[in-house]
Structures are given as C-alpha cells and as structure tokens.
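Engineer: Can you read through this structure? Questions will come right after.
The values are calculated or read from the model by the stated rules, or taken from the named source; none is laboratory data. The structure presented is a predicted model; accordingly, all values stated were derived computationally and were not measured. Using ideal geometry, Cβ is built from the backbone for each residue, glycine included, and neighbour counts are taken over all protein chains shown. Calculation scope for accessible area: heavy atoms of the full protein, side chains included, ligands and nucleic acids excluded. Shrake-Rupley method; radii C 1.70, N 1.55, O 1.52, S 1.80 Å.
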Amino acid sequence: MGTFSSALDRPARTAAVIGTEDEAITVAGTVAEVFSFPAEGGAAAGTAEARLDLLSRSGLFGISVPTEHGGIDVSNTVLAEVCTVAASRSAALADVLAAHFVAVEQVRSHGSESQQGTVFSAVLAGGRLARASARRGGESVDALPLVASGLAWRLGGEALCTPCARHADWLLVPAHLDGGRSVGLLLTTRIDGLHYVANSCEPAKGGVQPAEHVLFKDVAIDGDALLHSAGEAHGVPRSLDLLLEAARRIGAARGGMRHLLDDETGDPIETGRLAARLAAAEAMAGEAGRAVDAAQIGLAGQHRTNAFLAAAAALAAAEDAANALRQAGTAPAGEASLSPHLAAILRESGRLRRDEHRRPPEEEG
C-alpha cells in the first residue's frame, strides 16, 4: 500500500447522509452527549472505539465536502457551530472534528483531483482525517524534514497528533523539502514505519483526552502523498483553523455559562456581563465564518487577508470569554466600575437569563 491510498484493510463503512445545516447541528449535539463525561470524571458510554465508530457513522465528517463531490458543503459559520456544540460537552470530540474539518479544507485547497476524489468519497462514507504537529527534542517545530531518496523521500521524526489518530484513515503531516518549501503529507495511518507510542486512546482521569504521540521511522514517501500549498501565509486552511479554535473556546465558555446559571446564588450583574462577552465572541465567530466563506470563492488576496484577520479577532474574543467564565465567582463582579445605567441593564439581562434557564421546557414558546 502506498503512502497515499484508501485504508484498504479497514472494513467498509456506511455513514448517514446529513442533508441540511440545521440537521448537522442537531446531530452534533446528539453525538456530543454520547462523548460527554459526568462531572465526576466517570466513563462515557462504551469504549473509545465504539464512540469513534458512532461518530463516523453519524455523517458529520462529510458535511464540509464540496457539492461537486457529493457533499452539502455547509457554511463555515455552521462548521464553527458544530465544533462549538461539541466542545460544550466534550473537548475531545471537538478536537477530533476540528482537526478533520481543517484537514479536509487543506485537501480542498491544495489537493490534486485524484487526492480530492479519493479523500472526499471516503469522508462521505465515514472516513476521518487527523492532523499532526511536528516536534523535535520535545519542542514544537513547524515541520518535519523530507530527505530525498531516489525519486521519492524518507520521513523521520516525531509528532503529537489529534486524539485517537490511530483510528483515523489519514494523517496530515507538515513537512518541508530540501529547498525549504513547505508541503503537507497525506499518509494512511497504518503505513510501515509509523508507530503509536500509547497503547490506548481512552481519556485520562477527568475526561481529558491526550494528544497521540506518533513516531515516524524511515517512512517511505512517494509523490502522490504530497499536498503542494500555494505558499500563502494567510490561506483559507489557516483561517479555518483559527475559526474552529475560537469555536472550541466558545464551546468551553458555553459549558461554563451553563454551570454559572445552575448556581442559584449567582450574581445577576456578573451573569449579564459574562453573557454579553460570550454573545460578542459568538457574533465575531459568525462574522469570521462568513469571511472564510468569501475567501473560499474569492480570487483576490484581500479575501484571504480579511478571513485571517476576522478569525484571529474571533479567537481573541473567544479566549477572553472562556477565561472570564472559567474565573467566574473567584473575584468580585466589579459593579463599582460600571456606570449606573450599564449596571442596571446587566442586572436585568442577567436575571432574564437565569429565569430562562430555570423555565421548564414545556413553558417555552
């Protein structure tokens, strides 16, 4: 088997067909409940392999496949919301989804017709892509070196990868050729010379999912495995990566807001202020998603620059909101620093949010 090919030794899978963007968000919520862990850090339902199989069969992996390859090509705003919904319940699920979606975008942006056809058809059937982050001497580096070997190359080194990367179908690895040119390597996850250090992908105590430590030992690489980027510092895949990182922060912040609203002794002003921060981050993520949409179809370099700037701003806002929710209750709400008018507005909005949170479902609408 070559370095780029279908995972021929895996059994055939059949994934559900998700037909609308609303359905994608609903399915993400359902799968997130399966992946979620109790607050005490107990085990989720089934094994990691069973949960990943459910995820593959859910159809979520195929929602960003372009329409010309049979997908529904959801907007990037919806892609971010899917990751947000996942992150609000399971950081590990959100990491798996975000890495997959960014890798799919790299194939879309830089893959050949043959690579796109092979990957997209597999993804629609439940195939999954994982991502690697290169390391040297225990420190992060931009890429692993490719050493020329006749008409092909050899790859060595180590990386930290998406959780449970061994159960993915392909692994996207950053590398550089002898001249320093950056490329992506799309490798099947069961090729000779690829070694997984850990023996299990079950989460550690508390539900934390560790990155997968992978070693590359003299892996033979042929030209079919290379993704040749356009050399853009602010290309669409990078902007999408930032957007989905922001989405995961927002998901964590939503989880924190849920806990804050469950506390009946919480301060309404603090609730209102934190809810406003979270809403601002969500709005910026939506704007960034629309900018990435424009960059995917726009020919001008300004589209890609705008997408990068919007995604970076969304990530900063999401980080701020997540940190504020994480620290909620550990410091005074700071009413004295607010104008009386704003304090009154935040108090009112905080009370409304608490009332809405406590309202039984049958009373809604």
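Engineer: Is it the case, given these coordinates, that Ala276 is in contact (Cβ under 8 Å) with a residue 24 or more places away in the chain and either crowded, with 20+ Cβ neighbours inside 10 Å or in contact with a strand residue (DSSP E or B) (Cβ under 9 Å, 6 or more places away or on another chain) (or both)?
Structural biologist: Considered against the rule, which asks whether it is in contact (Cβ under 8 Å) with a residue 24 or more places away in the chain and either crowded, with 20+ Cβ neighbours inside 10 Å or in contact with a strand residue (DSSP E or B) (Cβ under 9 Å, 6 or more places away or on another chain) (or both), Ala276 comes out as no.
Engineer: Another one. Restricting to segment 131-163, what's the tally of residues that are in contact (Cβ under 8 Å) with a residue 60 or more places away in the chain and under 27 Å from His69 (Cα atoms)?
Structural biologist: Count: 2.
Engineer: For Val65, all conditions in the list (1) farther than 20 Å from Gly256 by Cβ; (2) open to solvent by 20 Å² or more (accessible area, probe 1.4 Å); (3) touching a helix residue (DSSP H, G or I) at 6+ places or on another chain (Cβ under 6 Å); (4) not in a helix (DSSP H, G or I) hold save one; what is the number of the exception?
Structural biologist: For Val65, the exception is condition (2).
Engineer: What number of residues within segment 148-161 satisfy the criterion of being within 20 Å of Ala99 (Cβ to Cβ) and open to solvent by 10 Å² or more (accessible area, probe 1.4 Å)?
Structural biologist: Within segment 148-161, residues that are within 20 Å of Ala99 (Cβ to Cβ) and open to solvent by 10 Å² or more (accessible area, probe 1.4 Å) number 3.
Engineer: Consider segment 116-147. How many of its residues are surrounded by fewer than 18 Cβ atoms within 10 Å (Cβ to Cβ) and assigned to a helix (DSSP H, G or I)?
Structural biologist: 2
Engineer: Of all the residues that make up segment 230-288, how many are within 29 Å of Ala344 (Cβ to Cβ), over 15 Å from the mean Cα position of the chain (by Cα) and of a type in the set (A, V, I, L, M)?
Structural biologist: So the answer is 14.
For (1) under 17 Å from the mean Cα position of the chain (by Cα); (2) modelled with pLDDT of 95 or more; (3) crowded, with 17+ Cβ neighbours inside 10 Å; (4) part of a loop (DSSP other than H, G, I, E, B), each residue gets a yes or a no:
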{"site": "Thr3", "(1), (2), (3), (4)": "no, no, yes, yes"}
{"site": "Leu8", "(1), (2), (3), (4)": "no, no, no, yes"}
{"site": "Ala12", "(1), (2), (3), (4)": "no, no, no, yes"}
{"site": "Ala16", "(1), (2), (3), (4)": "no, no, no, yes"}
{"site": "Asp22", "(1), (2), (3), (4)": "no, yes, no, no"}
{"site": "Val34", "(1), (2), (3), (4)": "no, no, yes, no"}
{"site": "Pro38", "(1), (2), (3), (4)": "no, no, no, yes"}
{"site": "Leu52", "(1), (2), (3), (4)": "yes, no, yes, no"}
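Engineer: What is the number of the single condition among (1) surrounded by fewer than 21 Cβ atoms within 10 Å (Cβ to Cβ); (2) at pLDDT 95 or above that Gly179 does not meet?
Structural biologist: (2)
Engineer: If a residue has to be open to solvent by 50 Å² or more (accessible area, probe 1.4 Å), assigned to a helix (DSSP H, G or I) and farther than 10 Å from Arg248 by Cα to count, how many in segment 68-105 make the cut?
Structural biologist: Residues meeting the conditions: 2.
Yes or no, residue by residue, for (1) modelled with pLDDT of 95 or more; (2) more than 30 Å from Ala343 (Cα to Cα):
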site	(1), (2)
Ala247	yes, no
Met257	no, no
Gln296	no, yes
His303	no, yes
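Engineer: Among the residues of segment 54-74, count how many are without any contact (Cβ under 8 Å) to a residue 24 or more places away in the chain and on the phi < 0 side of the Ramachandran plot.
Structural biologist: 3
Engineer: Mind checking whether some residue in segment 128-146 is at pLDDT 95 or above and either closer than 26 Å to Leu299 by Cα or out of contact with any strand residue (DSSP E or B) (no Cβ under 6 Å at 6 or more places or on another chain) (or both)?
Structural biologist: yes
Engineer: Filter segment 176-195 for residues that are in contact (Cβ under 8 Å) with a residue 40 or more places away in the chain and part of a strand (DSSP E or B) and give the result.
Structural biologist: Of everything in segment 176-195, those that are in contact (Cβ under 8 Å) with a residue 40 or more places away in the chain and part of a strand (DSSP E or B) turn out to be Ser182, Val183, Gly184, Leu185, Leu186, Leu187, Thr188.
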